[in-house]
Every structure is written in structure tokens, then in C-alpha cells.
Amino acid sequence: MSNTHSCNHHTIPPTHEDFRWVFGSGQNERFADFIELARDISAGVRTCLQIIYASELVREMNQDADPEQVCAPAIGKADANNLFRLALAAISALHQISQDKIDLLNKMEHR
């Protein structure tokens, strides 16, 4: 069987870089990664809750609306429940990671 894969010793490095909120020397700060994580999780939870709230509001408005004024909510109840569970899991993870950081700092204090 012949090897059809040839190794290119002159590969071009990829242009992709990991996405970061903190740039420059700030990336080296002690809690830069945690701050970026907290920002991402809080933004995700906020978005989930906004979508859930807007959909529930539309459902409530539809109860009082004339048939020609009824609007479709952004998501159904099952998807709203899934988003709520996702938001709860994400904020629980952020809480646990925060507690881990606190415990680490407190251990350093007692040395």
C-alpha cells in the first residue's frame, strides 16, 4: 500500500487565535482567565433569561389578544425549560469555580 499522504515541511501556521476578552499584559494577571469565564457565563445566563422572559411575556399577552393579534413566542415551553436548566447549570458552575478560587486564596493566607 502506497502512502499518499506527503508531509509538507513548509506548512503555513494557522491564523486562528483563541478568543480573549483581556488583551496585552492583562492576560498575565492572576485572575484574567476567571474574569473572562465569569463574563462569558454571566452573558450566557443573561441571554437565556431574556429569551425565557420574552417568550413567557408573549404567551401571557396572547391570552388576552384577539386571534388576529396572537404572536408566536421565540421559543416553546420545552425549550424555555431547557434554557432555564442550562442557565442554572452555568451559574452553578460559576459559583463552584468562584468558591474554588476563594478556597485557594484562603489556603494561601493560612500558610
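Using a Förster distance of 25 Å, how high is the FRET efficiency between D100 and V22, based on the Cβ-Cβ distance and rounded to 0.05? The pair D100/V22 has a calculated efficiency of 0.80. Is the shape of the range 63-111 rounded, prolate or oblate, going by the alpha carbon gyration tensor and its root eigenvalues a ≥ b ≥ c, with a/c under 1.5 for rounded and a/b larger than b/c for prolate? It comes out prolate by the Cα gyration axes.
With contacts taken as Cα pairs under 8 Å at a separation of at least 6 residues, the range 30-109 carries a relative contact order of 36 percent.
What angle, in degrees between 0 and 90 and rounded to the nearest 10, separates the Cα long axis of helix 77-109 from the longest principal axis of the Cα atoms of the chain? Tilt of helix 77-109: around 40 degrees. Would you mind telling me which residue in S98, S25, S42 has the biggest mean-square fluctuation in a Gaussian network model of the chain, where springs connect alpha carbons within a distance under 10 angstrom? Of S98, S25, S42, the Gaussian network model singles out S25 as fluctuating most. Among the trypsin sites (Lys or Arg not before Pro) in the range 4-69, those located in a DSSP loop and surrounded by at most 16 other Cβ atoms within 10 Å of their own Cβ are R20, R30. Would you please give the FRET efficiency between N81 and E109, computed as 1/(1 + (r/R0)^6) with r the Cβ-Cβ distance and R0 = 35 Å, to the nearest 0.05? After rounding to 0.05, the efficiency reads 0.25. A DSSP coil position with no more than 16 other Cβ atoms inside 10 Å describes the following chymotrypsin sites (Phe, Trp or Tyr not before Pro) in the range 17-84: F19, W21, F23, F31. Ordering A43, I102, A74 by the projection of their Cα atoms onto the charge dipole of the chain, which places +1 on the Cβ of Lys and Arg and -1 on the Cβ of Asp and Glu, puts I102 at the extreme positive end. Determine the shape class of the chain: with a ≥ b ≥ c the square roots of the Cα gyration tensor eigenvalues, call it rounded for a/c under 1.5, and otherwise prolate if a/b is greater than b/c, oblate otherwise. It comes out oblate by the Cα gyration axes.
No lab work stands behind these numbers, since they all come straight from the coordinates. On a predicted model such as this, the values are computed, not experimentally measured, just so you know. All Cβ positions, glycine included, derive from the backbone under ideal geometry; neighbour counts span all protein chains shown.
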